[in-house]
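The values are calculated or read from the model by the stated rules, or taken from the named source; none is laboratory data. Nothing here was measured: the structure is a model prediction, and the numbers come from that model. Positions of Cβ are generated from backbone atoms using ideal geometry, with glycine treated the same way; all protein chains shown enter the neighbour counts.
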Amino acid sequence: MSDEADRVLEVLNVSRETSERLVVLAQLLEKWNPRINLVSKSTLNDLWSRHIMDSAQIFDLADPGIASWVDIGSGGGFPGLVVAILAAETNSPYKTTLIESDQRKCAFLRTVLRETDVEGEVISKRIEQADPQNADVMSARALADLNTLFSFAERHLSSEGTMLFPKGVTWQKELKAAQESWSFSHEVITSKTEPNSVIIKVKDLRRV
């Protein structure tokens, strides 16, 4: 295991079983990535901080004791797979669902869930075609702008649900554009892994 992995696992302060599951995730990602490009090749050297730690901080922003979490456009499984692995230790969320339209990426997601012996559902459909999920929490990483994400939330998030969306340097522009069409409350949290990035926590979403 790399020094970076050791450092991240120490910060996460999770059980030995959870640590082992995260190692399996990292190993499978490195094995599959050359074939189906799950994450940018340039980020593989920083896999533990750029993807696993980044996903774990999203997980930590959710309220405890939630029933369901849906990760849309899951791709390589961030944050969805990390959420499912951490939830196996905390039992919150009780159910994790990953929505991904690419069948090859779905095969990877299901392989990780099987190899880590973690519960989770993978829905192989487009986000707008999947059955409404009524989730307590919805996440999406590097998928779309806030306006588009909010339209997905309108379909898949419960009326009292929370959205957790990591965003890069253009987040303020996206937020301003979204406020023209939507009413919502929000909190902006500085990312622990990307100094110029944030996680936008959104609640009370309504169309204007």
Selection from segment 25-44 of residues that are surrounded by fewer than 17 Cβ atoms within 10 Å (Cβ to Cβ) and either assigned to a helix (DSSP H, G or I) or on the phi > 0 side of the Ramachandran plot (or both): Gln27, Glu30, Lys31, Pro34, Arg35, Ile36, Asn37, Lys41, Ser42, Thr43, Leu44
message: Yes or no: segment 191-208 includes at least one residue that is aliphatic (A, V, I, L, M) and surrounded by fewer than 16 Cβ atoms within 10 Å (Cβ to Cβ).
response: yes
- prompt: From the residues in segment 62-108 that are aliphatic (A, V, I, L, M) and part of a strand (DSSP E or B), which one is nearest to Phe152 (Cα to Cα)?
  reply: Ile72
Index of the failed condition, Pro132 passing every other in (1) surrounded by 19 or more Cβ atoms within 10 Å (Cβ to Cβ); (2) in contact with a helix residue (DSSP H, G or I) (Cβ under 7 Å, 6 or more places away or on another chain): (1)
Positions within segment 9-20 being crowded, with 18+ Cβ neighbours inside 10 Å, under 18 Å from Asp46 (Cα atoms) and either in contact (Cβ under 8 Å) with a residue 12 or more places away in the chain or in contact with a Ser or Thr (Cβ under 9 Å, 6 or more places away or on another chain) (or both), in sequence order: Leu9, Leu12
message: Quick test of your reading of the structure: Ser183 fulfils all but one of (1) modelled with pLDDT of 95 or more; (2) surrounded by 12 or more Cβ atoms within 10 Å (Cβ to Cβ). Name the failing condition by number.
response: (2)
- line: The number of residues in segment 137-154 that are within 14 Å of Gly73 (Cβ to Cβ), surrounded by fewer than 17 Cβ atoms within 10 Å (Cβ to Cβ) and among the charged types (D, E, K, R) is 1
